[in-house]
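Read through the structure below, which is laid out as structure tokens, and then see the notes.
The values are calculated or read from the model by the stated rules, or taken from the named source; none is laboratory data. The shown structure was predicted, so the numbers you read here are calculated from the model rather than taken from an experiment. Glycine gets a Cβ as well: all are built from the backbone with ideal geometry, and neighbour counts include every protein chain shown.
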Ligand SMILES: [Cu+2]
């Protein structure tokens, strides 16, 4: 072997070892809980099925190249079979994503090869019912290159997931066809962050004027896309699928397909207090729950949207 070839192989091995050191194995355990849960700001409860007891389920955040070691636990006290479909995974639908009965658990691993914001959801039959009952969440795969000129570090980050709410007891086939549809959930509640349309709402998203606010948006509706628009603002950048290579600039309204995710950056004017309403511009959806108020105020709550506090909930 020529010396130059040896040197090249040596350098490649060192590079690959280095990559392995950087890539982590991340353990993620999620327990399915079928439970009565509050679906609005008044405290109305409905029987829902959840990953981890909340809608959406826990935010999973890894780095591109990491291996996710996932464990799904279906409690014995549950009545339904469930499964877990991570859109960030490249596996076998008949193996990893198969459903398990109550009292069983299932383990599988996958490598997060693509950066972005992905939905995860239950795929057990009838899938439309399992998703409409709240079985979804978000996995963020941060790009391996980190923040760059094309993908600047945001000042604040929020996760915003829109989903359907159906009348309690709606049959699976009716859910699939959209019958019995009642309202839109934002992070599990109708008008969750909108005190303008719901006097019982006590939370809003917040930022300091001039900040870059990054919204990791996922559409968990079973049939309808979301026309996502920041009223009184313009999306500075939109990253399709949350991949830093898929940039659009200066966007007003962007369609997000069911079971798709996108990253939306918004920068408010400097030097004055302003507010935005992040809406699904399909009016039926907006006026039935899908409006989120973002307040860009000097007296903002600095803890919101920082240090993993991406899904705002009542304490
Ligand atoms: Cu399920």
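Assorted remarks:
- Conditions (1) within 16 Å of the ligand (Cβ to nearest atom); (2) modelled with pLDDT under 95: number failed by residue 57: (2)
- Test: residue in the range 10-28 that is at pLDDT 95 or above, closer than 22 Å to residue 220 by Cα and either within 16 Å of the ligand (Cβ to nearest atom) or in a loop (DSSP other than H, G, I, E, B) (or both): no
- Of note, residue 174 satisfies the criterion of being buried (at least 16 other Cβ atoms within 10 Å of the Cβ), free of Cβ contacts under 8 Å to residues at least 12 places away in the same chain and over 22 Å from the mean Cα position of the chain (by Cα).
- Those residues of the range 101-135 which are within 10 Å of the ligand (Cβ to nearest atom) and crowded, with 17+ Cβ neighbours inside 10 Å, in sequence order: 121, 122, 123, 124, 127, 129, 130, 131, 133, 134, 135
- For the range 59-92, a residue qualifies if it is under 15 Å from residue 27 (Cα atoms) and outside any loop (DSSP other than H, G, I, E, B), and the qualifying residues are 60, 61, 62, 63, 67, 68, 69, 70, 71, 72, 73, 86.
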